[in-house]
Every structure is written in structure tokens, then in C-alpha cells.
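The structure appears right after this line, and notes come after that.
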Amino acid sequence: MLFEIDALVYRYPDGTPALEGVDRLFILTAYTVDMLQQSKALVDQARKSGVQHIVHLGACGSDDTDVAHYGWHQFVEHYIEWSGIGYTHLRPEIFMQNLLGYGGVPAVNNGVIRYYMGHSRLSWIDVEDIGEVAAAVLRDPEAHRGQTYRLGYDAKTYGEIAEIFSQVIGQPFRYEARPPKEFLDRVLAAGGDPAYMNCVYNSFSRLSGEGLRGSDETFDNFNRITGRQPTTVADFVREHAVLFRY
């Protein structure tokens, strides 16, 4: 079930507590620093309501990450652990859906991929694969209790992705690295949360410069969790080719 948490009110219109009778909970927060307050309030309510397992969708990075908004998600993870509720943490790497666009701005237009991460190699995942992992955990929480799953399976630079586009679609594509400040200006103009988006901007700036340690790390847990192989970048481009042709 889905319900609004911005107001921190957890009741249906008829007054019934929203978490009454719920034993498993999936938490996905918005790109805002309010995620800290919202997540705490939701976990507190889950504890009072007898929820037995929480699957939390966080952000990428190892436990010792120094990227601020990755760390915010890890604070939420630790609060969930402190609550005593069974848990599974999901830490996805970069979303393949970012190739469709970000903040209302298309990422690919007339054969040119424009993005803000320089030439770093990144570990990619299809968000539908994230959903499949989450569903598998929710179906059998005891098998995944206490686990932190990092999710990223196909390490590619944007330049390499442009080559994949060309091969799969049969038209020429190229990558144009854009300045991270352009991203920040656009996403703030679109109404993005300044605190969160400045953190994203800082990570993009590092990726465009010296890079971020571990950004290209891949993992081998997907088949064990879901029983199939993860989506590759080539698979994703093939599936959405109609959106990229020009």
C-alpha cells in the first residue's frame, strides 16, 4: 500500500492507522533532506504498529562513504537497525533510467548524450531490477534479514554507453560531458531541494574531476536473489530504442 508521509500523518481517511495489520514495509524517500525526519517518523510508527520487516531503498556507496547524501541514507539504515525491526538495506548504484532524462531534461537528443559526470566509469542498474530485488526480499524476508545488498552490475563510462547506443540502434551517438553547475542550476530551477541537490552537485563535480572511489564497483548478488541475470546497458538501450532513435 502507498500513503502520503510528508505531513507525517499515518491514518486513512476513516481514521484507521495506515500501518495496522502491515508486517512488511518498503521505504523509498524523495530527494530532500526531509527524508531524515520522514524516515524516523515512519520507522517509529512501524515499531509501534508491529511491523516485522523493513526494506529500505538507500543510496550507493560503502559504509565509509564521504558523500553527504549517501551518508544521510546510511543514518536512516542505522535508525532502522536500532528500532529492532528486521531489515534489508538496498544500495543501488546509478540508474539506467537516468539515460532517459533527469529533472525534466532529456539526456539523449539527436544522437548526443549529455550528462554531468565527466568520463568516470559508473556501475549501472535498471530500476526495474531494483524493484525485482525488493519484491524478492518482501516475499521472503527471513532469507534476507540483516543483509545490505549493493546493486550495480554493468560498469560503463558515458563514452562507452554512446558506443553501445550506436551498435544497438544503428545510428551514430556521442557523449558530451556537461559542467555539473549546469545540472545544479536546472534542477534548482525545477524545484529541487537545495540541500539535497547541492550534495548531488558536489558528487557530480568529483566524478567530473578526480572521480569517486568505488563508483565502478559491480556485484554478483542479483542472480542469487532473483534467479535471473541483471539487465545490461545494452539490454536497456534495446528495450527503449524507440525513445532514442532520431
Original post:
If we count trypsin sites (Lys or Arg not before Pro) as exposed when they sit in a DSSP loop and have at most 14 other beta carbons within 10 Å, what is the longest stretch of the chain that avoids them all?
Top reply: 1-144
Original post:
In whole percent, what relative contact order does the range 152-246 give with Cα contacts below 8 Å and a gap of six or more residues?
Top reply: 42
Original post:
What lysines could a cross-link reach from Lys40, if we take a straight Cα to Cα line under 22 Å and drop same-chain neighbours fewer than 8 places away?
Top reply: Lys48
Original post:
Karplus couplings for the range 107-117 from phi (6.51 cos²θ - 1.76 cosθ + 1.60, θ = phi - 60°), rounded to Hz, Gly and Pro as x?
Top reply: 8, 10, 8, 6, x, 10, 9, 10, 8, 10, 10
Original post:
Amide H neighbours of Tyr175 under 5 Å, counting only residues 5+ apart in sequence or on other chains, H built in-plane at 1.01 Å?
Top reply: Ile113
**OP:** State which stretch of the chain is the longest one without any exposed GluC sites (Glu not before Pro), exposure meaning a DSSP loop state and at most 12 other Cβ atoms within 10 Å.
**Re:** 21-209
Original post:
Counting DSSP beta bridges in the range 24-244, what percent are antiparallel, to the nearest 5?
Top reply: 20
Original post:
Roughly how many debye, to the nearest 20, is the charge dipole of the range 34-190 about its Cα centre, given +1 on each Lys and Arg Cβ, -1 on each Asp and Glu Cβ, and no other charges?
Top reply: 280
**OP:** Give the long-range amide H neighbours of Leu122: residues separated by 5 or more places, or on another chain, with amide H under 5 Å away, using H modelled in the peptide plane at 1.01 Å from N.
**Re:** Lys156, Thr157
Original post:
Using a simple spin-label model with points 7 Å from Cα along the Cα→Cβ vector, what separation in nm is obtained for Lys40 and Arg213?
Top reply: 2.9
Original post:
Shape call for the range 161-235 from the C-alpha gyration tensor, a ≥ b ≥ c root eigenvalues: rounded (a/c under 1.5), prolate (a/b greater than b/c) or oblate?
Top reply: oblate
**OP:** Tally the DSSP beta bridges in the range 53-113 and give the antiparallel ones as a percent, rounded to 5.
**Re:** 40
**OP:** Please report the relative contact order for the range 24-244, taking Cα pairs under 8 Å with a sequence separation of at least 6, and give it as a percent rounded to a whole number.
**Re:** 25
Original post:
Could you give the nm distance between label points at Lys181 and Asn202, where each point is 7 Å from its Cα heading toward the beta carbon?
Top reply: 1.8
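A short reminder: the numbers here are calculations on the coordinates, not readings from a lab. Quick caveat, the model's predicted, so the values are computed rather than measured. All Cβ positions, even for glycine, are placed from backbone atoms using ideal geometry, and neighbour counts span all protein chains on display.
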